[in-house]
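Report on the following structure.
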Amino acid sequence: MEIHNDRHIYSDNPAVAAAFAEWLVNWLKGRSRTTIALSGGSTPKLLFQVLAKQYADQIDWSGIHLFWGDERCVSPDHADSNFGMTKALLLDHIDIPAANIHRVLGEEDPASEAVRYGQEILSTVSAVDGLPAFDLIILGMGGDGHTASIFPHEMHLLQDAAICAVATHPESGQNRITINGPVLNHAYQVAFLVTGASKAEKVQIILGKQAGHEAYPAAHIKPAGGITYWFLDEAAASLLS
C-alpha cells in the first residue's frame with residue numbers, strides 16, 4: 001500500500017504541540033469511543049500541558065481509552081516513566097475514568113508484562129483481521145530513527161507477531177516495553193511529532209525515501225488508513241526540499 005506523508009511544519013516545539021492539540025480536538029469530534037496510544041518525549045510533554053490547560057473541558061474524555069506505545073521498565077513514580085509524566089501533566093487535570101487509563105506496569109517483570117499488556121490491548125482495542133486496530137497512535141522519532149521503542153538494532157520487532165515485546169535501549173541497556181510493528185501499522189491513523197535539529201537528517205532521509213532509509217524503524221510505519229501525519233518544527237524539517 002502506498003502511504004501518503006502529510007507534512008505540517010511549524011516554527012518551534014510549542015507551536016507543534018499547539019497545532020497538534022487543535023488537530024486532535026477536531027479529529028475527536030463526533031467520536032463516541034476512541035482508542036489512542038500515547039508517546040513519551042519532549043514534544044508530548046508540551047502537548048499534554050496544552051490539552052490540560054486549554055482543552056480539558058472541550059473533550060469528552062469518558063469515551064477515550066489511553067494506552068502507551070512504549071514504556072520504560074521503571075516504577076510509575078520514576079523520572080523516566082512515560083506514564084508518570086503523562087499523569088502529572090495531563091491525567092491529573094482532566095475528568096477521565098480510571099478504567100480508561102491502560103498503563104504499562106513498568107515495575108513488573110518485563111517479559112511477563114509484555115504479554116499481559118498485549119492481552120489488555122487485545123481485550124480493549126477492537127480487532128480487525130485478528131490484530132488490535134487503534135484509532136490513533138501518536139509516535140515520536142529519535143535521532144537514530146527509532147520509534148516507539150523499536151531501535152535500529154532490533155528491526156525484527158517491526159514484524160514480531162506478538163502485540164508487545166521487550167526492547168533494549170542500545171546505549172543505556174534499559175529495558176522497555178514496546179508495541180510491535182504489525183500493531184503500529186494496523187492503526188487507522190498515525191501521527192509523528194518530531195522536533196529539534198538533531199532529527200533533521202533522519203527526517204530528510206525517511207520522508208525523502210533516500211538511499212538507506214529502510215535502516216530506520218520510523219520509515220516502516222505505514223498505517224492502515226494510508227496517511228502518516230508528520231507534525232514537525234522548522235528545525236526538524238530544515239533539510240527537507
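Observations on the model:
- Qualifying residue in segment 169-182 (condition: out of contact with any Lys or Arg (no Cβ under 8 Å at 6 or more places or on another chain), open to solvent by less than 10 Å² (accessible area, probe 1.4 Å) and more than 20 Å from Asn82 (Cα to Cα)): no
- Filter result for Phe83 (in contact (Cβ under 8 Å) with a residue 24 or more places away in the chain and buried (at least 22 other Cβ atoms within 10 Å of the Cβ)): no
- In segment 3-40, the residue that is nearest to Leu122 (Cα to Cα) out of those that are touching a helix residue (DSSP H, G or I) at 6+ places or on another chain (Cβ under 8 Å), small (Gly, Ala, Ser) and at pLDDT below 95 is Ser32.
- Scope segment 91-131; condition open to solvent by 40 Å² or more (accessible area, probe 1.4 Å) and among the hydroxyl-bearing types (Ser, Thr, Tyr); matching residues: Ser112, Ser123, Ser126
- Conditions (1) within 17 Å of the chain's Cα centre (by Cα); (2) under 30 Å from Gly226 (Cα atoms); (3) of a type in the set (A, V, I, L, M); number of the one not met by Ile3: (1)
- Annotation: of all residues in segment 183-192 being open to solvent by 30 Å² or more (accessible area, probe 1.4 Å) and in contact (Cβ under 8 Å) with a residue 40 or more places away in the chain, the one that is farthest from Asp129 (Cα to Cα) is Gln189.
- When Ala127 is tested against (1) touching a Gly at 6+ places or on another chain (Cβ under 8 Å); (2) small (Gly, Ala, Ser); (3) more than 18 Å from Pro217 (Cβ to Cβ), exactly one condition is not met: (1).
- Hits in segment 193-241 - residues which are of a type in the set (Ser, Thr, Tyr), part of a loop (DSSP other than H, G, I, E, B) and open to solvent by less than 40 Å² (accessible area, probe 1.4 Å): Thr195
- Residue that is farthest from Ile221 (Cα to Cα) [pool: residues in segment 132-163 that are open to solvent by 40 Å² or more (accessible area, probe 1.4 Å) and outside any loop (DSSP other than H, G, I, E, B)]: His153
- Residue ID - farthest from Ile179 (Cα to Cα), chosen from residues in segment 106-128 that are of a type in the set (Val, Ile, Thr) and assigned to a helix (DSSP H, G or I): Thr124
- Answer residue from segment 14-59, given it is over 28 Å from Gly118 (Cβ atoms) and among the charged types (D, E, K, R) and is least open to solvent (accessible area, probe 1.4 Å) among those: Glu22
The values are calculated or read from the model by the stated rules, or taken from the named source; none is laboratory data. Fair warning: this is a prediction, and the values are worked out from it, not measured in the lab. Reconstructed Cβ throughout: ideal geometry from the backbone, glycine too, with neighbour counts over all protein chains shown. Quick note on the areas: whole protein, heavy atoms, side chains included, nothing else; ligands and nucleic acids left out. Shrake-Rupley method; radii C 1.70, N 1.55, O 1.52, S 1.80 Å.
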